[in-house]
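Quick note: the coordinates plus some simple rules give every number you see, no bench work behind them. Nothing here was measured: the structure is a model prediction, and the numbers come from that model. Note: ideal-geometry Cβ built from the backbone for every residue, glycine included; neighbour counts use all protein chains shown.
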Amino acid sequence: MNAASSSSNAPEGAPQHAEPGTRRLAARPACATPPQPVAQPLPRHSPAIGGLVPFSTVDWPGKLAAVVFISGCPWRCHYCHNTELQTRAARYDWRETRAFLETRTGLLDAVVFSGGEPLSEPRLPSLIRDVRRMGYRVGLHTAGIYPLRLADVLRHLDWVGLDIKADTQGYDDITGRRDSQRPALACLTQLLAAGTDFECRITWHPDWLDETRLLALARELARRGVRRFAVQGARSSPGAPPGRALGTQAQAMLSQWFAEFAYR
Ligand code: SF4
């Protein structure tokens, strides 16, 4: 997942915060308050819930959403702000998380699955079914690592935020993995073909991709049919200002090319 794409609130359940707040798994789910990380290992088949933000206005633009963070990601982006979510680990009990989400129906519009890479979780289709049954709309943040898994769940998604890491030349330098643009472009092709509501976004710094290359990449995305595009200025930490500002002329061009453009 794109480092700057998730809520600026750190997901609850990050390992460095787990120790003081941990407790034994409750016999009965606590529904009214957000679930806490569990101290004891969860069964091996448990979904890798790595964090929860109970309320977010930024993870699905225009929607009030709870964000469920899945831990596990095979990529190693050098700017990743969620490194604690790169390794698969179940830190929350899904039954408790689900019970909490039940208490928020009518108050929230949606549940967004983020990460890590949420499609790394084999049980994601079942989690999506659970929250759909509650009446939530469902959003997904993905780096586009698993096109086949995306195809499996796409018809159950109302919105997708797809990370575009760089142009062809720079992709693997960002992700630390070979041939990483290929699956991301396959995911983009699927989203365009399915007509799913989605946004492409890039975490950007001119040291990684200068403005000329950024504009060429964006122009190509617009040519392919992408309607929503966001440039998220790379930050040294969540909440910090972007390291380098995108020029106003570039912003003006991007605004012309896309039905919706955001610089965050
Ligand atoms: S794709 Fe994985 S490594 Fe890259 S920013 Fe997202 S979670 Fe971090």
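Its alpha carbons considered, region 144-216 gives a radius of gyration followed by a Dmax of 12.9, 38 Å.
Once Rh for region 158-264 is found with the Kirkwood sum over Cα pairs, what is the Stokes-Einstein diffusion coefficient at 4 °C and 1.567 mPa s, in µm²/s?
Details: Rh = 14.2 Å.
Rounded to a whole number, D works out at 91 µm²/s.
When the alpha carbon gyration tensor of region 32-73 is reduced to an equivalent ellipsoid, its three semi-axes come out at 24, 13, 7 angstrom, largest first.
Comparing Cα centroids, region 64-106 and region 155-224 end up 22 angstrom apart.
Ranked by the mean number of other Cβ atoms within 10 Å of their residues, highest first, the peptides 83-94, 124-135, 233-244 fall in the order 83-94, 124-135, 233-244. Looking only at Ile164, Ile70, Ile174, which one moves most when the chain is put into a Gaussian network model with springs between Cα atoms under 10 Å? Sorting by GNM fluctuation, first place goes to Ile174.
Hull volume per residue, based on the alpha-carbon atoms of region 100-237 and their convex hull, is 124 Å³. An ellipsoid equivalent to region 204-264, defined through the eigenvalues of its Cα gyration tensor, has semi-axes of 20, 12, 10 Å when rounded to whole angstrom and sorted largest first. Descending by average beta-carbon neighbour count within 10 Å, the peptides 212-219, 62-69, 248-255 line up as 62-69, 212-219, 248-255, the highest first. Most tightly packed first, judged by the mean number of other beta-carbon atoms within 10 Å of their residues, the peptides 98-110, 40-52 read 40-52, 98-110.
Taking only the Cα atoms of the chain, the radius of gyration and Dmax are 18.0, 58 Å.
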